[in-house]
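All remarks here apply to the structure that follows.
Read the figures in this text as sums done on the coordinates, not as results from a lab. For clarity, every value in this text was computed on a predicted model and none was experimentally measured. Here the Cβ is made from the backbone with ideal geometry for all residues, glycine too, and neighbour counts use every protein chain on show.
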Amino acid sequence: MLKGWDQTLGCVPGLIMSVPFGVLADKVGRKMVLFMSLMGITLGLVWIQVVCYFDIIFDIRWIWASNVFLLVGGGSAVSKTMYFTIIADVVPEERRATVFFQITAASLIATLAGVPLAWWLIKISNLRVPMMLAVLFTTLGATLILILPETLHLREDQILSTDVVVQTEVLGDENSSSVDEGALTLSKKNWTILLEKFEESRFVFTHPKLLALSITFLFQSLHGNMNQFLLQLASKRLNWTLVNASFLIPLASITNFVQLVLILPAVYVILARFHLQASVKDLLVSRGSVMFMALGSFGLALSTLPGLFVLSTVLFSLGMGTYPAIRSLLTDLVHPTQVSRLYGVLAVMDTIGGMISSPLVAAAFSSGLKKGGLWSGGGFLVAGTAFAAAGLLTLSISVKKDDEVNYDILGEMHDED
């Protein structure tokens, strides 16, 4: 219960701050927003250590207050948004999806290695050592951010320097700002501009393609959350012991890693031989990946044979590339000055989806276990339905194959003095 409430409260800063910080990043730069986010996370970690160290003074529930510090920079939702935004700024569109896959694989390795490393440190020392190292590494990361060059206008400059003709679909008001405006400092005038830009973030919800693809991020957290139910379902359905079923977790992780690092980049190389536009390749890969997730989920929900259950686990794991591909596709559909705001909206969608889908799937799984039989896979049935809906959304849109670059949004281009 303590951890559950902490996770719920931890979603709130990202939910309310992702879009505002996305607006800020599109005005003053990505570097400062990422620095603020990491510092907020660091302060939260420090507060948890204070509560644990002075346990005589503080009730353990005071660790919930650590989430207040996340308001400084929006927490992990904003930091993740900034990582992808910086990558989108500096990586050519032909390689962007592949780099997104590599970033996702790196985070997967960090998660897999972090748990046993923390356990080993606790075993040879005490609980405070890994906690102190977490603060140290986060602080070091925030410090390193300060020496990075600002990437705000790099992608836009690349587009202008190659004389690419931008095709646009005007959405709502055509008000925008010049490139020079991004170099302004946070004056009173700038705060007024930021409020205007926050209002302009509604472009995501008024454009059919952006809206359809953004809605799919409501289901992003489901993929990672389903592993916690995998062992229980195998134990219940196949009468395996938890020890015998435990191989499914590393099997899924290895499949994820191999797909992200080897299979999907190879798929992009093959698709490149057909001279497809980058956004077309992203769309095809996202459709295929989400299909694997849906089929794997339904397979896990219904399979009663060990071989089919293992095969369904592999199929489900092959869907790991869905959201990096969709994110890359969405990046193609907006002007460079709108990327951070778009990613902020995606972070909000992901957070809302996690807050709704996680308890919903848990309830379906718990209810199914009580009923027994095929009902025990109820959680995966719900997940499969969600992924099938996401697949239909990707099928509902199309991108033009003839366009070298196809921005569907008119970029901000006010001419202000």
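Worth pointing out:
- The range 197-335, relative contact order in percent, only Cα pairs under 8 angstrom and at least six apart counted: 27 percent
- Spin-label model, Lys370/Leu276: points 7 Å from Cα along the beta carbon direction are separated by 4.6 nm.
- Residue order, fewest to most beta carbons within 10 Å, for Asp26, Asp332, Asp55, Asp6: Asp55, Asp6, Asp332, Asp26
- Extension gain for the segment Val269 to Leu395, taken as residue separation times 0.36 nm less the Cα-Cα distance, is 43.1 nm to one decimal.
- For the range 393-398, Karplus couplings with θ = phi - 60° (6.51, -1.76, 1.60), whole Hz, Gly/Pro x: 5, 5, 6, 7, 10, 9
- Kirkwood hydrodynamic radius of the range 2-158, from the reciprocal of the average inverse Cα-Cα distance over all distinct pairs: 17.0 Å.
- 5 angstrom amide H check on Thr151, placed H, neighbours 5+ away: Arg30, Lys31
- Considering only the Cα atoms of the range 278-368, their convex hull presents on average a projected area of 6.8 nm².
- Span from the the range 276-295 Cα centroid across to the the range 309-377 one, whole angstrom: 15 Å
- Sorted by Cβ density within 10 Å, fewest first, the residues Leu154, Leu117: Leu117, Leu154
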